[in-house]
Amino acid sequence: MRMALAGNPNSGKTTLFNAITGRIEPVGNWPGVTVEKKEGHLLDRLNPTSEDILAVDLPGAYSLSPYTSEESVTRDFIRNEHPDVLINVVDATSLSRSLFLTTQLLELGIPVVVALNKSDRTARKGDTIRIDLLSKRLGCPVIETVATKARHNGLPRLVEAAVEAARRGTQAAPVIDGIREVAAQDMAQQADRARFEFVRSIVEDVERRTTSPDQLTRQDRWDRVLAHKWLGPLLFVGVIWFIFWVSQSTVGPWLADTFVGWLEAFQEWVRGFMADVHPLVASLLVDGILGGVIAVVGFLPLIMVMFFLMALFEDCGYMARVAVVMDRHFKKIGLSGRSVIPMVLGTACAIPGIMATRTIKNERQRRTTAMLTPFMPCGAKLPIIALFAGAFFPGNVWIGPSMYLLGIVLIIGSAVLVRRITGDTSRSHFIMELPEYRIPSVRRAAVSMLSRGRAFVVKAGTVILVCNAVVHILQTFDWRFRVVAEDAVHTSILASVAGPVAWLLIPLGFGIWQFAAAAITGFIAKENVVGTLAVTFGIANFIDVEAAFAIGSVAALSYLVFNLFSPPCFAAIGAIRAEVDSTRWTLGAVAFQLAVGYTLAFLTYQGGTLLTLGRVGDGFVGGLVAVLVMAGILAILAAKGGRKPLPEPVAPQAAPHVAPHVAPQKEAGA
Amino acid sequence: MALSRGKLNTPYVIQQIHAAQEDLRDFLFTLGCYPGEKITILSKLSGHYIVSIRNARYSIDESLAEAIFV
């Protein structure tokens, strides 16, 4: 049996889904958190049957006529996959809008059960909804739920009702006056009007409100501060700064120090067991595999602290306000306020950030946002920042957060450039629902933190572990599979492969094969940068890194910048490919990111060297030529784009208004 | 008149939506924003209009507020 969850954005579908399946899918208090279909098995303790029940969580939609692409996911699933029962999650606080979708769902012939969610909020406001009457008028069961609560949340009753409805197997649509005639005439809009009239008459009968919806509330007073013209952006930067400062400069490192101590004790404990083992194998296990993994896992506390704070941020309702505040600024660079959401999400992992661009309507804005989201350093890049900032700039609390600011600056500059190159200056209207604020749940944030932290450890124990082992083997042997001598490491397979790449990196200040190898393995997963450095330099604790790495702080900063702002990992490139849905855009994005990373590192190293030593660094001329060539190509593209005739005002290429009631009605009428 | 010239906290009845894109009009429709419905501006923030339509709050930008006639 399959039950699908459908409902308006931000009505609490994913929270409900997590509660009935035990899954930990990301939730947040803004419209558009879920952009793809999620499946999970119903928890046994909620399952009244002996068979397996699959729950399907769908992106939020205001109707079955999709406006943005994530809404199409929902429409396509409901119409093509035909689930056994639909759980329509309805936000009890905005009944009159939510029931519009309900009337559409009721006409599909699939049994519907309404979950009247957030019912604690209506009660708190003193509003009442007559459940029995609502159920009678709609012709389907209505169950009050509070998906955020652990107990007395109405979920067992909801599941029971859904199973019962699925067994019934059919759904009678409520009779909506006038809809039958207009359906025949295929005047969808008039049919929709009839739906709204029907909904209005129901809401008038079942809902008693004590407050007028147009009254100013405490929410609005919060908005006046958080979405203020200039106070808003300032507060946003302040909040982001605070999150990174706490996770990377204060609480995070403090926890990490203790944690790394334990990890090293563990490594030595393992080494003790290896006394009788062949030294090559022991070294592979202890230094290669374990050392590399420990080097990465050691940064877990920083990442967990950041994930915890980000979860609080996403839970309180502030995200939608950030989109509003940033809209006017992002419009100036050809993006939309909505572009800010993928970028904020991208600080945890670029992939969900890139996928979140689906909520952006305008195609160029969506593609540009997907391509630029990786400029926000993700969680996997955090160890790189922490390592280089900690080792080369001890006590400096600026390096970490300023990398995020640099990312923002790059996004702004790049967005202007992309708009120029595409020659597309189209603007789009902005509309976004503002959810109610709520006090963020520490429990939800802790769950989210543990789940993301677990994923990080699992990745370190699988992908990263294998990569470290491979790196260790490649640097231990030469091409004839002889063990390389201690003083001849440059003859190893790894060194000879990475060597030519390192030559290209000389103008950036780190033309050393170990650094080149780490940058290359970084494309598999960015955690590998730290892991590979640990393995190739044979260090795990990163305490006296400066001496081990044999590069100066200017080159270290250049390497940091290069890794943060060059193309993301392959998985993220794949996500970009999927979202922009164009090979040209994908290749363009990767080439552009490579150019940005190289140029920025070049400027950092050569400029820094000039400032500190009064002369340019190695490979200046060669690097300059490369940078000028890249800049030249971009300039030509931009000039071409600028000359492009403005595209004809595109005829509204709206999908024909989908009238979901037509097909079932015809069948019923036959 | 365009909604962008409307006063705060005054319920207006929507007369017409002047949006070029048909899909945007359809989308607004599904929110209950169509001729004959009520709309109230609650505040103006950061160049945006915070409006109340059918008990829900939305933030719309200036250009959209200019396209909604009340």
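The values are calculated or read from the model by the stated rules, or taken from the named source; none is laboratory data. In this text the structure is predicted, and so the values were computed from the model without any measurement. In this analysis, Cβ positions are derived from the backbone assuming ideal geometry, glycine residues included, and neighbour counts consider all displayed protein chains. Quick note on the areas: whole protein, heavy atoms, side chains included, nothing else; ligands and nucleic acids left out. Shrake-Rupley method; radii C 1.70, N 1.55, O 1.52, S 1.80 Å.
Summary of computed values
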{"read-out": "Conditions (1) charged (D, E, K, R); (2) over 24 Å from residue B:35 (Cα atoms); (3) open to solvent by less than 40 Å² (accessible area, probe 1.4 Å): number failed by residue A:192", "value": "(2)"}
{"read-out": "One residue from A:469, A:525 being over 24 Å from the mean Cα position of the chain (by Cα) and among the small types (Gly, Ala, Ser)", "value": "A:469"}
{"read-out": "Selected residue (only one of A:361, A:331 is within 14 Å of chain B (Cβ to nearest Cβ), open to solvent by 20 Å² or more (accessible area, probe 1.4 Å) and touching a Leu at 6+ places or on another chain (Cβ under 9 Å))", "value": "A:361"}
{"read-out": "When residues of the range A:300-320 are limited to those that are within 14 Å of chain B (Cβ to nearest Cβ) and closer than 22 Å to residue A:401 by Cα, the one farthest from the chain's Cα centre (by Cα)", "value": "A:318"}
{"read-out": "Of residues in the range A:400-420 being surrounded by fewer than 19 Cβ atoms within 10 Å (Cβ to Cβ) and β-branched (Val, Ile, Thr), the one farthest from residue A:248 (Cα to Cα)", "value": "A:416"}
{"read-out": "Whichever residue in the range B:1-43 is within 15 Å of residue B:63 (Cα to Cα) and open to solvent by 40 Å² or more (accessible area, probe 1.4 Å) and, among such residues, is modelled with the lowest pLDDT", "value": "B:20"}
{"read-out": "Within the range A:1-109, helices (runs of 4 or more DSSP H) holding 1 or more residues that are charged (D, E, K, R) and under 18 Å from residue A:356 (Cα atoms)", "value": "A:13-21, A:69-81"}
{"read-out": "Qualifying residue in the range B:53-69 (condition: under 20 Å from residue A:95 (Cα atoms) and either part of a helix (DSSP H, G or I) or of a type in the set (Phe, Trp, Tyr) (or both))", "value": "yes"}
{"read-out": "Candidate set from the range B:2-60 (those that are facing chain A (nearest Cβ under 7 Å) and of a type in the set (Lys, Arg)); member that is nearest to residue A:324 (Cα to Cα)", "value": "B:57"}
{"read-out": "Hey, residue A:281 surrounded by 13 or more Cβ atoms within 10 Å (Cβ to Cβ), in the same structural domain as residue A:386 (by TED's automatic domain parsing), part of a helix (DSSP H, G or I) and of a type in the set (A, V, I, L, M) or not", "value": "no"}
{"read-out": "Filtered residues of the range A:62-117 (kept if charged (D, E, K, R) and within 14 Å of chain B (Cβ to nearest Cβ))", "value": "A:70, A:71, A:75, A:91, A:97"}
{"read-out": "Pair list, Cβ under 7 Å, 6 or more apart: the range B:15-35 residue more than 18 Å from residue A:95 (Cα to Cα) and basic (Lys, Arg), other residue open to solvent by 10 Å² or more (accessible area, probe 1.4 Å) and not in a helix (DSSP H, G or I)", "value": "B:25/B:17"}
{"read-out": "Hits in the range A:477-536 (condition: open to solvent by 50 Å² or more (accessible area, probe 1.4 Å) and at positive phi)", "value": "A:481"}
